[in-house]
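Remarks on the structure that follows.
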Amino acid sequence: MGKARAFLVSALTLLLARRRRPSLAPGERERIVPEPPHGYDAELLAIGLFLASAACALAFVVVYVLDRLPAHTQLLGLALGLSFAFFAAGLIVIAKRLIATEELEDDYPEHEHPAEQERIVQVVEESGLTRRRLLLLALGAAGGSLGVALLAPAASLGPVIHVARFYLTPWRRGTRLVDDHGRPLRADQIEEKTFYTAFAEGADKEQLPSSLVVVRLRRDQLDLPSESAGFDADGIVAFSKICTHAGCAIALYRAPMFEPTDPKPALVCPCHYSTFDPATGGTVTFGPAGRKLPMLPLEVDPKGFLRARGNFDGPVGPSWWGVRLKEPTT
Amino acid sequence: MRRLVLIALLALAATPAARAGDVTRGEHLYGRYCLSCHGANGAGTNRGDRKGPPLRGVGALAPDFYLRTGYMPLQDAGDQPRRSRVLFSEQEIEALVAYVASLGQGPGVPRPHPERGSLSDGQQLFTDHCAGCHQVVTEGGYLTGGVAPPLEEATATQVAEAIRIGPYVMPRFSPRQLSPHDVDSIVRYVQWAKHPDDRGGWAIGHLGPVPEGLITWFLAAATLVAVCMVIGRRLRSG
Amino acid sequence: MIRGLVRFVDQRTGTAPFLRKTLRYLFPDHWSFLLGEVALYAFVVLVGTGIYLTLFYEDSTATVVYHGGYAPLQGQEMTHAYRSVLDLSTNVKAGLLIRQTHHWAANVFIAAIVLHLLRIFFTGAYRKPRELTYWIGLTMLLTSLLEGYLGYSLADDLLSGMGLAIGYAVAMSIPFVGANLAALIWDGPFPGSHAFFPRMYIVHVLVIPLLLATLLAVHLALVALKHHTQFRNDPRATERKLVGVPTFPGQAPRSLGLFMATAAVLFLLGGLVQINPIWLWGPYHTYSATNGAQPDWYLGWLIGALRIVPGFDLTIGGYTLVPNPFWGGAALPLVFFAFLYLWPFLERRFVTRDYGYHNLLDRPRDAPLRTAIGMAVLTEVFLVFLAGSADRVDVFFGLPYVPQVWAYRVLVLVGPVLAALLAHRVCVELQRGERVEHERKRAERLARGRA
């Protein structure tokens, strides 16, 4: 009797309880995403934007084919860019007007999982391997050595140990100076208040020590230090064209028109404005260069051509740890 | 008929004199505007704060350049001459040029022929001799102690003149170093560089990465941040 | 139709539960959270346009005489590398568009990362548990700087060639190992052997993109695993509860729209605004230079630093310990990145003593010390940047260069301190203002309650 009553009560409760929820039509289910807004205007706008995007994409292909059009690159960019822009606009309209704006809540994940962490540690420890210290050490040594060994062939990428090449120049006593086209330079063609770019005859012009900047100063302008006494050839002085700061070409010569008012002659690098004084053998007068410009001693041969009398008085190019340790070699 | 011939002869007689410039007038102008720094008869001065190079033997080339660019007259002797408003009229310039040219034998005003030059040679010559100061597409540049001006306003004649003079701290390239044909090529290149090949679009000054960086931040990044603000704003204010 | 597709995928991969979770994954909503996405989309454009470029580029430094359609370079000697980029820009339909879009994308990519980094830093998003995500992000920034540099150097034009020489000089300037390192990278002294350009090329198109893609994947995975941080701007948002917009349908059109907008900006720039016109610069030669040469914007701080450091090599007897370019070219970025990497540690050890987890973000004013220090570093970088433009300022505005250099030398020491003090003051004042406002509102409510 009590059981039948209990059954009736629970059945009734269930039936009544069900009625209280909003009734669903047959086949309908509970919504996850809320009802989107109707927005027929917005839909029309989005459709328009997408059609515009398609039109621009088509225009892009047409412009691509018609390659005789002027400002071709500009038209291509405009067409493709606008196609993307209209597409973006259409999507933004959808995002803001045609879908429900949901702001939902969720939990951040657990900070950590102590139980799982413990299990991991336990598994590792129970394996017994962690207690065999010597074994692990040997394993580590093998792994480390193997790793280092595998890296060794990287040394073949370049002369990492033999840095002798950094001192090498194509200049030796008698090497002729030639211009950009390979024609030898004559001493009597070198004029004052201008500059010349010269190279070592027979050398690769792109190698840093090959290029020179040559200028002529008057004897009374020259003030060479004792180490470079006589490096000039009748006032003609030659320096490496490569700045000792960061390796740019010294393509600037400051040649005063009127000495009483204008700045002194100087070789200037256009990268960071290191300024070198040709009159004193290439000393740095301004800028971040930490080393004077290497000077090449010159002589004039019997035929009147300019030749090197020896090598530079310092290695060419940007400084490095050994730049003051050795003289340049040939 | 005879009257016509007479008129024609008179006209012919008159024009060369006008083109050659009035030397006397030039001397007068020189006395007013140039003498204090350049000295009597172009001897030059080197005293006190009035200093100026001698002008004997500079011919017509130099004064033509300095006057037509407005480099001269110069306010302070130590200043770098810069392109400025030309104070003189055409006749006054011709007069001064004639006077200075008369001070000694010197080169005449050059007549470059850029159409005879090679654009490619010009590009290479300009890069080798000029780009270090004037920048590879003539946008000008800095050097310790001076500024190499942009060449946008330079006429063909002025370029040819500057090459031979080497004003202020610019090197001086003689015909032995840069032949007249070389100068033609360089002038052709300089003229081309006033409207270079900008097939990529808006050239933003032909200076490279600095204006490109400004566009990146003030155009592209700014636009994209604005787009983010449009997208990211929720309908409910918060 | 959708049901058919979903069924197909789930039957073959079993991923329906994962996909359902992904569809309803929540994105906290603030515009500044989208900056990382902008970088991501710029990266996609970079890879897409980059693949196209690889199909035309020749990585050879063997020389050839140019006989093509571009008149100013007719008959000039140049490398195959330069010639291939010249041909792509002048001879290939849409070639210049793709090339310029690629270059603009690189510039915008790094700008977006920097903006994203600023957001991360000034809101404290790098704090526990997101330090790994932050470090990966920093590594991606560092890698991108190198990637961009290598990318524009591949063209072998006058400007980028000068930049490569400077990079070589910075490598050479590293104490003890500089020359050895440079010799290794370049296979000998500059300009290096014929192997150097192929090396640059393969690093730029394979090694670094793979690295970036991997780091990106891990970065995004970490963000998803720990979920995104959020501001306190919703009453429901707490350290434990995340409030946001689900992936679908909410976030998807927005993210996609942002992608399209990024692509739009990049392609519009690529067609309409000229960038790196290598045909104007001419080919690189070690003996050539032009005035006004600059690196791309993200390396501009280095040229500024290289210019204002006074001229000295640090020597001990005949041994050159620290050549000059090291300070501006290597030490500055080293210190800057070291500071950024170490900052989460430094902050919790010395500034806040806060070792806890944080899912909620600070507004900059909520952390005055962090904001002050961040502003100091930002000011320093910005000043060094400005120093690099001092020569053009002289050319354009007549402000003499040498005094500018001296001014910047003083400013880089004094400026950051001033910026820090100012920023701190502003934060404190803003907080004070808010407190006053809060008190005022409370008093009003109480008064109304009594009435």
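When B:Met170 is tested against (1) crowded, with 22+ Cβ neighbours inside 10 Å; (2) assigned to a loop (DSSP other than H, G, I, E, B); (3) touching a Leu at 6+ places or on another chain (Cβ under 7 Å), only condition (3) is not met.
To keep it simple, each residue is scored yes or no on (1) in a loop (DSSP other than H, G, I, E, B); (2) more than 9 Å from chain B (Cβ to nearest Cβ).
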| residue | (1), (2) |
| --- | --- |
| A:Ala238 | no, yes |
| A:Thr244 | yes, yes |
| A:Pro260 | yes, no |
| A:His272 | yes, yes |
| A:Phe276 | no, yes |
| A:Ala279 | no, yes |
| A:Val284 | no, yes |
| A:Ala289 | yes, yes |
| A:Lys292 | yes, yes |
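Residues in the range A:80-123 that are over 30 Å from A:Ala59 (Cβ atoms) and among the aromatic types (Phe, Trp, Tyr): A:Tyr108 alone. Scanning the range A:216-235 for residues being more than 14 Å from every other protein chain (Cβ to nearest Cβ) and more than 30 Å from C:Ala179 (Cβ to Cβ) gives a total of 12.
For the range A:308-323, the criterion of being surrounded by 22 or more Cβ atoms within 10 Å (Cβ to Cβ), facing chain B (nearest Cβ under 10 Å) and part of a loop (DSSP other than H, G, I, E, B) is met by none of the residues. The one condition from (1) out of contact with any Lys or Arg (no Cβ under 7 Å at 6 or more places or on another chain); (2) assigned to a helix (DSSP H, G or I) that C:Gln431 does not meet is (1).
Looking only at the range B:58-78, residues that are more than 17 Å from the chain's Cα centre (by Cα) and within 14 Å of chain A (Cβ to nearest Cβ) come to 5 in all.
Scan the range B:147-197 for residues that are within 14 Å of chain A (Cβ to nearest Cβ) and in contact with a strand residue (DSSP E or B) (Cβ under 9 Å, 6 or more places away or on another chain) and jot them down. If the condition is that a residue be within 14 Å of chain A (Cβ to nearest Cβ) and in contact with a strand residue (DSSP E or B) (Cβ under 9 Å, 6 or more places away or on another chain), then B:Val147, B:Ala148, B:Tyr168, B:Val169, B:Met170, B:Pro171, B:Arg172, B:Gln177 are the ones that fit. Among the criteria (1) part of a loop (DSSP other than H, G, I, E, B); (2) of a type outside the set (Phe, Trp, Tyr); (3) touching a residue at least 24 places away in the same chain (Cβ under 8 Å); (4) touching a Phe, Trp or Tyr at 6+ places or on another chain (Cβ under 9 Å), the one B:Val183 does not fulfil is (1).
Here's the yes/no breakdown for (1) within 21 Å of the chain's Cα centre (by Cα); (2) loosely packed, with under 14 Cβ neighbours inside 10 Å:
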position: C:Phe345; (1), (2): no, yes
position: C:Asp362; (1), (2): no, no
position: C:Val377; (1), (2): yes, no
position: C:Arg392; (1), (2): no, no
position: C:Leu418; (1), (2): no, yes
position: C:Val426; (1), (2): no, no
position: C:Leu430; (1), (2): no, no
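With respect to the stated conditions, C:Thr320 is without any contact (Cβ under 8 Å) to a residue 24 or more places away in the chain, at the interface with chain A (Cβ under 10 Å from one of its Cβ atoms) and either of a type in the set (S, T, N, Q) or surrounded by fewer than 24 Cβ atoms within 10 Å (Cβ to Cβ) (or both). Just one of C:Gly4, C:Gly14, C:Gly48 is closer than 25 Å to C:Leu206 by Cβ and away from chain B (no Cβ under 14 Å); which is it? Going through C:Gly4, C:Gly14, C:Gly48 in turn, the sole match is C:Gly48. Only a single item in (1) within 36 Å of the chain's Cα centre (by Cα); (2) surrounded by fewer than 16 Cβ atoms within 10 Å (Cβ to Cβ); (3) not assigned by TED's automatic domain parsing to the domain that holds A:Val284 is not met by A:Tyr167, and it is number (2).
Looking at the range C:248-259, can you tell me whether even one residue there is within 7 Å of another protein chain (Cβ to nearest Cβ), modelled with pLDDT of 95 or more and under 21 Å from the mean Cα position of the chain (by Cα)? Looking for residues that are within 7 Å of another protein chain (Cβ to nearest Cβ), modelled with pLDDT of 95 or more and under 21 Å from the mean Cα position of the chain (by Cα), one finds at least one in the range C:248-259, hence yes. Of the helices (runs of 4 or more DSSP H) lying entirely inside the range A:1-103, the ones with 1 or more residues being modelled with pLDDT of 95 or more and touching a helix residue (DSSP H, G or I) at 6+ places or on another chain (Cβ under 9 Å) are found at A:40-65, A:72-93. Taken over the range C:169-205, the criterion of being part of a helix (DSSP H, G or I), surrounded by 19 or more Cβ atoms within 10 Å (Cβ to Cβ) and touching a residue at least 24 places away in the same chain (Cβ under 8 Å) is satisfied by C:Ala169, C:Val170, C:Met172, C:Gly178, C:Phe196, C:Phe197, C:Met200, C:Tyr201, C:His204, C:Val205.
Residues that are assigned to a strand (DSSP E or B) and under 17 Å from A:Ile250 (Cβ atoms) were ranked within the range A:184-199; the one that is farthest from the other protein chains (Cβ to nearest Cβ) is A:Ala198.
Has the range B:106-121 got at least one residue that is under 30 Å from C:Gly68 (Cα atoms), over 18 Å from the mean Cα position of the chain (by Cα), of a type in the set (Ser, Thr, Tyr) and at pLDDT 95 or above? Yes, because at least one residue in the range B:106-121 is under 30 Å from C:Gly68 (Cα atoms), over 18 Å from the mean Cα position of the chain (by Cα), of a type in the set (Ser, Thr, Tyr) and at pLDDT 95 or above.
Just one of the listed residues (C:Gly161, C:Gly124, C:Gly137) is crowded, with 20+ Cβ neighbours inside 10 Å, closer than 30 Å to C:Thr90 by Cα and touching a residue at least 60 places away in the same chain (Cβ under 8 Å), and it is C:Gly161. Does the range C:280-287 contain any residue that is outside any helix (DSSP H, G or I), at the interface with chain A (Cβ under 7 Å from one of its Cβ atoms) and either small (Gly, Ala, Ser) or without any contact (Cβ under 8 Å) to a residue 40 or more places away in the chain (or both)? Taking every residue of the range C:280-287 in turn, at least one turns out to be outside any helix (DSSP H, G or I), at the interface with chain A (Cβ under 7 Å from one of its Cβ atoms) and either small (Gly, Ala, Ser) or without any contact (Cβ under 8 Å) to a residue 40 or more places away in the chain (or both). Cβ-Cβ distances below 6 Å connect no pair with a first residue in the range C:75-101 that is within 13 Å of B:Arg199 (Cα to Cα), a second residue that is β-branched (Val, Ile, Thr) and modelled with pLDDT under 95, and a separation of six or more residues or different chains. In the set (1) more than 7 Å from chain A (Cβ to nearest Cβ); (2) in contact with a helix residue (DSSP H, G or I) (Cβ under 7 Å, 6 or more places away or on another chain), the condition left unmet by C:Pro277 is number (2).
The values are calculated or read from the model by the stated rules, or taken from the named source; none is laboratory data. For clarity, every value in this text was computed on a predicted model and none was experimentally measured. Methodologically, a virtual Cβ is constructed for each residue, glycine included, from the backbone with ideal geometry; neighbour enumeration extends over all protein chains shown.
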